[in-house]
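Note sheet for the following structure.
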Amino acid sequence: MTRRETQITAPPLALNTAVELHRSLQVLGISTDVHEGFGLALVSVWVGLVVWCDGERYWWRTAWDARRKRPVTPGIRPWTRRGQLSA
């Protein structure tokens, strides 16, 4: 089995929510890219800022903590309105 065959795609709700965020940011003049894989959808906003979505929550990474060897995630919030993130 190849790596591509074993990849798990994002659930439709996660992908749809990520696309809604993408469109909301686009209205504000912010270009983004939407990606999916491994059960999540991602919105790449700019270098160093990636927003993950599982369909219920958004969370994001803003930097890398070299000491702890993991991303710095300022928060995980159960937003139901995409405008809360773009505000």
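The values are calculated or read from the model by the stated rules, or taken from the named source; none is laboratory data. Note that the structure is predicted; figures quoted are calculated from it, not measured. Cβ sites come from the backbone with ideal geometry, for glycine too, and all protein chains shown count toward neighbours.
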Exercise. Scan (1) modelled with pLDDT of 90 or more; (2) among the aliphatic types (A, V, I, L, M); (3) in contact with a Leu (Cβ under 6 Å, 6 or more places away or on another chain) for the single condition ALA10 breaks and write down its number.
Key: (1)
Exercise. Report, by residue number, each residue of region 19-42 that is in contact (Cβ under 8 Å) with a residue 24 or more places away in the chain and either assigned to a strand (DSSP E or B) or hydroxyl-bearing (Ser, Thr, Tyr) (or both).
Key: SER24, GLU36, GLY37, LEU40, ALA41, LEU42
Quiz item: Condition test on ARG23, is it at pLDDT 85 or above and more than 16 Å from TRP60 (Cα to Cα)?
Solution: yes
Quiz prompt | Residue list for region 7-58, filter: aromatic (Phe, Trp, Tyr) and surrounded by 14 or more Cβ atoms within 10 Å (Cβ to Cβ) | solution = TRP52, TYR58
Self-check item: From the options THR62, THR32, residue that is at pLDDT below 85 and either in contact with a Leu (Cβ under 7 Å, 6 or more places away or on another chain) or acidic (Asp, Glu) (or both)
Solution: THR62
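Residue-by-condition table, conditions (1) under 11 Å from the mean Cα position of the chain (by Cα); (2) modelled with pLDDT under 85; (3) in a helix (DSSP H, G or I):
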residue: ARG4; (1), (2), (3): no, yes, yes
residue: THR17; (1), (2), (3): yes, no, yes
residue: SER44; (1), (2), (3): yes, no, no
residue: ARG68; (1), (2), (3): no, yes, no
residue: GLN84; (1), (2), (3): no, yes, yes
